[in-house]
Amino acid sequence: MAANNYYDPADLRKFGQITEWSEELGTKFFDYYGKVFEEGALTAREKSLIALAVAHTEQCPYCIDAYTKDSLQRGVTKEQMMEAIHVGAAIRSGATLVHGTMMMNKVNKLEM
Amino acid sequence: MSKIKQQSLHKREAELANANRQLEILSNGIFGDGELPTFAKKIKETNQFPLRPKKLEILQINVGYMCNQVCEHCHVDAGPDRKEIMTWETMEQCLDVIKNTGAHTLDLTGGAPEMNPNFRRFVEEASKAGIKDFIVRSNLTIIRANKKYYDLPEFFKKHNVHVVSSMPHWTRGKTDKQRGEGVFDLSIKALQELNAIGYGMPDSDLRLDLVYNPNGAYLPPEQAGLEKDFKHGLLEDFGIHFHNLFAITNLPIARFLDYLIASENYEDYMYQLVDAYNPTAVKNVMCTNTISISWDGWLYDCDFNQMLGLKVASKVKHISDYNETVLNDRNIMISQHCYGCTAGAGSSCQGAVTE
Ligand code: SF4
Ligand code: SF4
């Protein structure tokens with residue numbers, strides 16, 4: 001039982017088991033999750049790429065595993081995958097940097 | 001990451017060249033200790049055990065394991081170094097069967113079937129039997145491999161052969177990674193030649209279908225969507241037409257099994273297959289309507305069982321004793337590789353088996 005690592009790739013296979021300790025919420029979550037990824041106004045492939053980019057900004061190893069595989073399965077090329085990750089990275093670094101305006105505002109307010 | 005190997009497992013005398021060793025692997029480990037249910041146990045859940053044939057529709061004849069390519073995922077372990085080739089004598093026995101069969105489809109496969117020295121003679125004779133659908137599984141590059149094959153498209157046309165060819169992607173990178181350097185360009189050229197004489201054109205009776213199988217340890221996507229992508233990609237970039245795309249799951253045997261183990265993907269892949277198990281697909285798995293004949297005339301439930309050395313569980317085991325009625329009354333031999341046929345929409349040599 002005792003794992004030596006916080007993250008074990010084999011744990012991803014157990015994701016479905018979270019329902020066992022809270023049937024109602026678990027089932028609701030998976031129903032919702034399944035619906036979200038159905039083909040809709042966006043294709044399943046577009047959704048997979050969004051998920052891949054978000055998996056990276058969330059830095060969730062399970063999601064990275066899952067959506068790399070899912071993207072390959074949907075015929076996404078590695079160039080497309082890398083571009084998607086750059087979009088995530090750009091937003092993330094942009095989000096850091098744009099807060100620089102807060103710092104600038106504060107400095108301007110504090111300094112005479 | 002993986003490299004294209006230049007030799008078959010047999011030539012390399014690799015451990016997995018041995019079919020029994022493959023069967024051991026498929027029965028031990030995660031399936032041996034009950035972590036995952038065996039295929040037999042799984043189909044028992046829906047009362048589908050033992051698996052039994054329905055009406056025979058397809059005779060699939062493997063005329064030899066020799067191939068001009070050495071694709072990494074090959075379930076035949078085919079390659080230029082394989083010497084197992086059907087003799088004319090066995091072909092004559094096949095022809096007798098073809099003349100009397102109730103099957104509506106004849107499906108020639110290999111290796112590269114065209115490399116059998118008696119291939120053309122066999123096609124000429126077999127086409128006289130008046131079978132409704134006569135398929136040759138051609139890997140496309142063979143058509144450009146050597147001058148003596150350049151006229152294959154015309155030859156196929158003359159005998160109204162239905163050409164089914166593998167094409168792993170509509171972009172160069174993915175195709176060459178799976179099948180070897182230059183395969184994409186040669187395949188494109190071959191497809192253009194087939195199109196030029198009418199194969200695969202909209203409204204043409206000269207059928208040209210493509211087969212896709214994933215380039216690694218993941219499952220194929222939904223077939224209809226992928227067909228659209230292939231059609232769009234091949235038409236836009238190369239002006240190529242084809243009829244249908246079959247999305248086929250890689251079964252964990254032979255070179256693909258070797259790859260799964262070497263790349264430490266085996267367990268995850270088996271989990272994927274078991275997770276994607278679809279009881280509806282079981283009803284239509286290929287072995288329920290197909291008989292597979294090997295280069296040396298033995299009979300099998302499917303080409304995969306042929307590679308695993310699992311002969312039919314019937315009194316009739318060889319083409320020399322062929323009897324369709326006796327043969328159809330049998331239980332199908334199964335193991336964990338069968339999960340590859342029942343994942344998602346299911347998989348067969350004709351692609352998905354459910355809508
Ligand atoms: S997959 Fe087909 S083309 Fe490739 S080596 Fe095997 S038989 Fe030959
Ligand atoms: S591998 Fe062969 S025997 Fe097993 S389910 Fe598929 S077609 Fe049938």
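Read the figures in this text as sums done on the coordinates, not as results from a lab. Because the structure is predicted, anything quoted here is derived from the model rather than measured. A quick note on method: Cβ atoms are made from the backbone with ideal geometry, for glycine too, and the neighbour counts reach across all protein chains shown.
Using a Gaussian network model of chain B with C-alpha springs under 10 Å, which one of B:Tyr259, B:Tyr339, B:Tyr150 is most mobile by mean-square fluctuation?
B:Tyr150
Residues of segment B:82-96 with amide nitrogen under 17 Å from the 7 Å Cα-to-Cβ point of B:Arg120?
Hits in segment B:82-96 for B:Arg120 at 17 Å: B:88.
Tell me which trypsin sites (Lys or Arg not before Pro) from segment B:117-210 have a DSSP coil assignment and no more than 12 other beta carbons within 10 Å of their own. Numbers along the way, then the final one.
Numbers: sites: B:Arg120, B:Arg121, B:Lys128, B:Lys132, B:Arg137, B:Arg144, B:Lys147, B:Lys148, B:Lys157, B:Lys158, B:Arg172, B:Lys174, B:Lys177, B:Arg179, B:Lys189, B:Arg207; in loops: B:Lys128, B:Lys132, B:Arg207.
Here the trypsin sites (Lys or Arg not before Pro) that fit, given the DSSP loop and packing criteria, are B:Lys128, B:Lys132.
In Å, the Kirkwood hydrodynamic radius of segment B:179-295 over pairs of distinct alpha carbons? Walk me through the numbers before you get to the answer.
Details: mean 1/r = 0.0599 Å⁻¹.
One decimal place: 16.7 Å for the Kirkwood radius.
Size of the dipole of chain B about the Cα centre, Lys and Arg at +1 and Asp and Glu at -1 on the beta carbon, nothing else charged, in debye to 20?
Details: 38 positive and 45 negative charges, 99 e Å.
The calculation lands at about 480 debye.
Going by a ≥ b ≥ c, the root eigenvalues of the Cα gyration tensor, does segment B:30-187 fall in the rounded group (a/c under 1.5), the prolate group (a/b larger than b/c) or the oblate group?
Oblate, since a/c reaches 1.5 and b/c is not below a/b.
Beyond 37 Å, how much of the Cα-Cα pair distribution for the protein assembly as shown remains, as a whole percent?
Details: 33675 of 108811 pairs.
Result: 31 percent of Cα pairs exceed 37 Å.
Can you give me the three principal axis dimensions of segment A:17-110 from its C-alpha atoms, in Å, biggest first?
54, 37, 27
Just the number, please: percent antiparallel of the DSSP beta bridges in the protein assembly as shown, rounded to the nearest 5. Working shown, then result.
Values: 8 of 32 bridges.
Percentage antiparallel, nearest 5: 25.
If I model a spin label at A:Tyr7 and B:Ser127 as a point 7 Å from the Cα along the Cα→Cβ vector, what separation in nanometres do I get?
5.7 nm
Taking the Cα atoms of segment B:15-341, report the difference between the largest and smallest coordinate on each principal axis, in whole Å and largest first.
54, 45, 37
Based on the Kirkwood radius over alpha-carbon pairs, what is the Stokes-Einstein translational diffusion coefficient of segment B:36-125 at 20 °C with 1.002 mPa s viscosity, in µm²/s? Walk me through the numbers on the way to the answer.
Working: Rh = 15.4 Å.
Translational diffusion coefficient: 139 µm²/s.
Percent antiparallel among DSSP beta bridges with both residues in chain B, to the nearest 5?
Details: 8 of 32 bridges.
Taking every DSSP beta bridge within chain B, about 25 percent pair in antiparallel fashion.
In chain B, if the dipole is taken from +1 on Lys/Arg beta carbons and -1 on Asp/Glu beta carbons about the Cα centre, which of B:Tyr300, B:Gln272, B:Thr249 is farthest to the positive end?
Highest projection toward the positive end goes to B:Tyr300.
Give me, ordered by chain and number, the residues 5 or more places off B:Thr249 or on other chains with an amide H under 5 Å from its own placed amide H.
When sequence neighbours closer than 5 places are left aside, the close amide H contacts are B:Ser348.
Run the quick spin-label model on B:Glu35 and B:Phe155: label points 7 Å from Cα toward the beta carbon, then report their separation in nm to one decimal.
Result for the modelled spin labels: 4.8 nm.
Structure shown: which of A:Lys47/B:Lys177; A:Lys28/B:Lys54; B:Lys11/B:Lys147; B:Lys228/B:Lys311 lie over 31 Å apart, alpha-carbon to alpha-carbon? Show your work: numbers first, answer last.
Values: A:Lys47/B:Lys177 26 Å; A:Lys28/B:Lys54 41 Å; B:Lys11/B:Lys147 27 Å; B:Lys228/B:Lys311 38 Å.
Exceeds cut-off: A:Lys28/B:Lys54; B:Lys228/B:Lys311.
Taking +1 at the Cβ of each Lys and Arg and -1 at the Cβ of each Asp and Glu, which of B:Phe156, B:Met167, B:Ala190 sits farthest along the dipole of segment B:15-341 towards its positive end, judged by Cα position relative to the Cα centre?
B:Phe156
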